[in-house]
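Heads up, the thing below is written out as structure tokens.
The values are calculated or read from the model by the stated rules, or taken from the named source; none is laboratory data. For clarity, every value in this text was computed on a predicted model and none was experimentally measured. Neighbour counts run over all protein chains shown; Cβ positions are idealised from the backbone, glycine included. The area values use the complete protein model at the heavy-atom level, side chains included, leaving out ligands, DNA and RNA. Shrake-Rupley method; radii C 1.70, N 1.55, O 1.52, S 1.80 Å.
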Amino acid sequence: MGAASGMNGWWLFMAALGFCSGILSSMVMAEEAPAVQLIYHKGSLLSSDIDVHVVWYGKFSPTQRSIIVDFLESLGENEEEALLRNQPSVQEWWKTTGLYGEDASFNMSSAVSSKKKKKTVLGSQTLDESYSLGKWLQRTHIEALVLRASVASNALLPEKGVFLVLTAQDVVVERFCMSSCGFHSSARSGKGRNSVSLPYAWVGNSVTQCPGQCAWPFHQPLYGPQIPPLVAPNGDVGVDGMIINIATVLVGTVTNPFNTGFFQGDAAAPLEGVSACGGMYGRGAYPGYAGQLLGDETTGASFNARGLNGRMFLLPAMWDPLTKSCKTLV
């Protein structure tokens, strides 16, 4: 298995301080941005169409699954349809991943003219509501779930498949809430010349275990400034927190799938496209304050992106390789 990366101890420390947890033609640069410079390490990136195969481990309600499915399908929404809403979209946010080119010498004009982007498609879905491996999982169990799902879905090509393991709120996962809200890695499938590396990611529902760490800003932070939490846009603190963490690990998976892509710092605990921009969701973000966001007049919920089926989501800032800065949608 490749070295795990994603939301590491640094990210959780910043979260504890409350710093993390016509559409606009371009994202707005977040203020107070930390100095971030992701370096391309000449390794493989995920390209072409990307299928996200979901493994639901434990009991998720139909509503919870629909929120996450709508988010994943919104990543690959038709751009013209997204433009009709005249508000920032999930599709617009995800499009930035297409600017992470394998040619590190690419410039702004060539990147824009190529209109290169990664299209994400929801692939297979596997339900494991019987907790087949128990309710206490080690990271090796996450890999086992991926390998099992890859055989069932016949999705073995790494350039086509990313596996996303999601664990329910009553499932304890190794390092969850201690040094991680989610992670991504890769697993070897097959033998000899026929073996392939399968990129995968994991995120857990933190609502009963550590919402102050992994569901901020929808819950009071464990430490730091105690600014009132935001109202979750889909009415579920745990799942809306998962959306933020899913967004984080998916960006890491496609831009640094094998720990040889884009990152800053130590490859064993890298800062990646989103984790390097911790805590920024809107203009003017600072520790304990998510930034200026859009609001729903009916529910009072805060969000910065629209998706399919009328969904609202809060998405984190992402490092833009063209401007070399962290940017938010609003």
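The solvent-accessible area of HIS53, taken with every protein chain present and a 1.4 Å probe, is close to 20 Å². Considering only DSSP states other than H, G, I, E and B, which GluC sites (Glu not before Pro) in segment 124-193 qualify as loop sites with at most 12 other Cβ atoms within 10 Å? Qualifying residues, ordered by number: GLU129.
The accessible area of TRP56, taken with all protein chains in place and a 1.4 Å probe, comes to roughly 0 Å². The overall shape of segment 45-98, judged from the alpha-carbon gyration tensor, is oblate: a/c is not under 1.5, and a/b is no greater than b/c. Rounded to two decimals, what is Rg over Rh for segment 192-255 when you use alpha-carbon atoms and the Kirkwood radius? Expressed as Rg/Rh, it is 1.17. Computed extension length for GLN264-GLN226: 10.7 nm, one decimal, from 0.36 nm per residue of separation with the Cα-Cα distance subtracted. For the Cα trace of segment 191-303, dividing Rg by the Kirkwood Rh returns an Rg/Rh value of 1.05. Please work out the FRET efficiency for the pair VAL121 and ARG148, using the Cβ-Cβ distance as r and a Förster radius of 22 Å; give the result to the nearest 0.05. According to the calculation, E is roughly 0.55.
Relative contact order for segment 172-213: what percent, with Cα pairs under 8 Å and sequence separation of 6 or more?
Contact order relative to length: 40 percent.
In this structure segment 224-319 gives 30 Å² per residue of accessible area when probed at 1.4 Å with all protein chains present.
Straightening the chain between LYS191 and LYS324 buys 43.9 nm, computed as 0.36 nm per residue apart minus the Cα-Cα spacing.
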